[in-house]
């Protein structure tokens, strides 16, 4: 087991650092507006704060909220395993699938909540997220001890997330990426936000970190990733996911060998033109 998901069930300071979640939620609401279909009801899983709820309200969908933290006041307290089967035409998840030991299983659970031809939209941190912090901690700990522990969780790249959608049984899977740079006055402020999000200490195998590790890591961070005004850059990459619950009415890719014109002939025609 890589992750200790009990951390997600206790995050009383989430509202102090929900800006990344509201960013992901707003992007999904904007993408949903481009879908040529209206959804009366839907399911949302992931963190909840008053600000996040306001974003979801913009979608004009009657959402059922599910999440692991009782303090978030979801309609249903649930984690990984969801007590719904083919109940919704729309399911959304933000910023929690990446800390599942088996993300494909969690994606499969979300697909299972959808009726045939239902839509899933999701957002997950992807490769590149907190690379600066991971590098600074690795360098600092290697200098101060005989080895270095993994202190920042690994993040899958957008291609692996797309493959995960297919493996979970979604039809017409799509994954794309957006990046956001956040600047901090110091390392302590970055770590405070990570803690408020419930992601500090999320790794199941944790090794105590001496204070001098973070002091040295901040010096490395500033030397490598500091801006001229003294602030520290932190990268957050997001993979935005979409897929549909399979249905016979959906478009399907043409069978291999079914083309009636060759690519070579088309290219020659363009050259002559």
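Things worth noting here:
- Verdict on residue 213 being in contact with a strand residue (DSSP E or B) (Cβ under 6 Å, 6 or more places away or on another chain), in contact (Cβ under 8 Å) with a residue 24 or more places away in the chain and part of a helix (DSSP H, G or I): no
- Of all residues in region 41-78, those satisfying the criterion of being in a loop (DSSP other than H, G, I, E, B) and farther than 18 Å from residue 123 by Cα are 60, 61, 69, 73, 74, 75, 78.
- Taken over region 180-210, the criterion of being touching a helix residue (DSSP H, G or I) at 6+ places or on another chain (Cβ under 7 Å), surrounded by fewer than 18 Cβ atoms within 10 Å (Cβ to Cβ) and modelled with pLDDT under 95 is satisfied by 196, 200, 201.
- So residue 160, is it farther than 29 Å from residue 207 by Cα, at pLDDT 95 or above and not in a loop (DSSP other than H, G, I, E, B): no
- Of all residues in region 15-40, those that are in contact (Cβ under 8 Å) with a residue 24 or more places away in the chain, outside any helix (DSSP H, G or I) and under 22 Å from residue 112 (Cα atoms) total 4.
- Filtering region 141-157 to residues that are in contact (Cβ under 8 Å) with a residue 24 or more places away in the chain, in contact with a helix residue (DSSP H, G or I) (Cβ under 8 Å, 6 or more places away or on another chain) and not in a helix (DSSP H, G or I) leaves 149, 151, 153, 155, 156.
- Within region 17-38, restricting attention to residues that are surrounded by fewer than 18 Cβ atoms within 10 Å (Cβ to Cβ) and over 16 Å from the mean Cα position of the chain (by Cα), the residue that is nearest to residue 177 (Cα to Cα) is 30.
- Complete set of residues in region 109-129 that are surrounded by fewer than 21 Cβ atoms within 10 Å (Cβ to Cβ) and in contact with a helix residue (DSSP H, G or I) (Cβ under 8 Å, 6 or more places away or on another chain): 127
- Looking across region 57-81 at every residue that is touching a strand residue (DSSP E or B) at 6+ places or on another chain (Cβ under 6 Å) and under 16 Å from residue 111 (Cβ atoms), the one that is modelled with the lowest pLDDT is identified as 78.
- Within region 1-14, the set of residues being farther than 13 Å from residue 98 by Cβ, outside any loop (DSSP other than H, G, I, E, B) and in contact (Cβ under 8 Å) with a residue 60 or more places away in the chain comprises 7, 9, 14.
- Qualifying residue in region 167-179 (condition: without any contact (Cβ under 8 Å) to a residue 24 or more places away in the chain, buried (at least 16 other Cβ atoms within 10 Å of the Cβ) and assigned to a loop (DSSP other than H, G, I, E, B)): no
- Residues within region 108-123 that are within 17 Å of the chain's Cα centre (by Cα) and either over 17 Å from residue 42 (Cβ atoms) or part of a loop (DSSP other than H, G, I, E, B) (or both), tallied: 1
- Residue within region 85-107 that is over 20 Å from residue 167 (Cα atoms), modelled with pLDDT under 90 and not in a loop (DSSP other than H, G, I, E, B) present: no
The values are calculated or read from the model by the stated rules, or taken from the named source; none is laboratory data. Predicted model only: the values in this text are computed from it and were never measured. Cβ atoms come from the backbone with ideal geometry, glycine included; neighbour counts cover every protein chain shown.
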